[in-house]
Amino acid sequence: MSSTHPRTTPARSPMAPPRTFLWCRRIFLTLLAGFVLVPVYVMVSSSLKPLADVTGEFRWLPSGLTLRPYIDIWSTVPLARYFVNSVIVAGAATVCSVVIAVFAAYAVSRHDFRGKRVFTVTVLSTQMFPGILFLLPLFLLYVNIGNATGIALFGSRGGLILTYLTFSLPFSIWMLIGYFDSVPRDLDEAALVDGCGPLRALLRIVVPAATPGIVAVAVYAFMTAWGEVLFASVMTNDTTRTLAVGLQAYSTLNDVYWNQIMAASLVVSVPVVAGFLLLQRYLVAGLTAGAVK
């Protein structure tokens, strides 16, 4: 004869959050996900519609789908040339930011010198000023340098790279200083005892240990240069225009190719999204480095 026992629910831990909090969190996260995903759905659905359907009454479910906008985006404007310009500018700005920031941050982190704190505060304080504050001074500086030396900085990729360094480099240096401070100095001393010079110790010991922080700096510098619009719209011409500015060419005096704009926006977002997903674990580790010692 078998006996039945009433099913008991497991007791809640005293440290468990209240059920009201859990439900509020679920509702908030659901609303946040909808707030993020609805614009993405509108972009994707609009990029697959004919232009007449996009400019007409909006429908959540498209009546017809077409891949024609993804084909026309390359012929309506020279999108491939803009893409190459963005890759060169963003890639060069990223490499320069990482290389210079590594050496500068290592010097500040490992050596004491007069004015060290002033230098660190000055580097960080440059992030307080809006970018438009530097637009006119840089424009006049590039024009005067071109007139005096013949070096074409205005309207060139090199000038745009230097412009992006003025924003990404200070933050990169400040971020890597904090990360190098979290790397034990015993590693440097052990490498020096083994016969390594300071440069070799940096490249072979410290840099591999600081990979998450360096990757976080590289992602920040690349994203800053890839999507920048203000300086790219002033410092470039028809041959050096980047993707962020080139998307405006889909808007003409007669019509606005909204379906092609959405398609091009999705295409140009692929490198950034793919890179972020591939390097996500390094990025999170680099951003949180040094927070807890």
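The values are calculated or read from the model by the stated rules, or taken from the named source; none is laboratory data. Keep in mind the model is a prediction, meaning the values are calculated, not measured. As a convention, Cβ positions derive from the backbone with ideal geometry for all residues, glycine included, and neighbour counts pool all protein chains shown. Remember, those area values only see protein heavy atoms, side chains included, never the ligands or the DNA or RNA. Shrake-Rupley method; radii C 1.70, N 1.55, O 1.52, S 1.80 Å.
One table, with the values for the structure above:
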read-out	value
Candidate set from segment 136-165 (those that are open to solvent by 30 Å² or more (accessible area, probe 1.4 Å) and in contact (Cβ under 8 Å) with a residue 40 or more places away in the chain); member that is nearest to the chain's Cα centre (by Cα)	R157
Helices (runs of 4 or more DSSP H) contained in segment 98-193 and holding at least 3 residues in contact with a strand residue (DSSP E or B) (Cβ under 6 Å, 6 or more places away or on another chain) and modelled with pLDDT of 85 or more	none
Among the candidates F58, F28, residue that is more than 20 Å from W258 (Cβ to Cβ) and surrounded by 10 or more Cβ atoms within 10 Å (Cβ to Cβ)	F28
Number of positions in segment 55-95 that are without any contact (Cβ under 8 Å) to a residue 40 or more places away in the chain, over 28 Å from G213 (Cα atoms) and not charged (D, E, K, R)	14
Those helices (runs of 4 or more DSSP H) lying entirely in segment 204-283 with at least 2 residues open to solvent by 60 Å² or more (accessible area, probe 1.4 Å) and free of Cβ contacts under 8 Å to residues at least 60 places away in the same chain	211-226, 258-278
L199 surrounded by fewer than 18 Cβ atoms within 10 Å (Cβ to Cβ), modelled with pLDDT under 85 and either hydroxyl-bearing (S, T, Y) or within 16 Å of the chain's Cα centre (by Cα) (or both)	no
Cβ-Cβ under 6 Å pairs, at least 6 apart or on other chains, segment 15-34 side aliphatic (A, V, I, L, M), far side at pLDDT below 85	none
In segment 89-128, the residues that are over 30 Å from L243 (Cα atoms), open to solvent by 70 Å² or more (accessible area, probe 1.4 Å) and not aliphatic (A, V, I, L, M)	F103, H111, D112, F113, R114, R117, F119, T122
Residue match in segment 70-87 (condition: assigned to a helix (DSSP H, G or I), closer than 22 Å to V207 by Cβ, open to solvent by less than 40 Å² (accessible area, probe 1.4 Å) and charged (D, E, K, R))	no
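Residue-wise test of (1) modelled with pLDDT under 85; (2) hydrophobic (A, V, I, L, M, F, W, C).
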{"residue": "T9", "(1), (2)": "yes, no"}
{"residue": "S13", "(1), (2)": "yes, no"}
{"residue": "S46", "(1), (2)": "no, no"}
{"residue": "T55", "(1), (2)": "yes, no"}
{"residue": "P62", "(1), (2)": "yes, no"}
{"residue": "I71", "(1), (2)": "no, yes"}
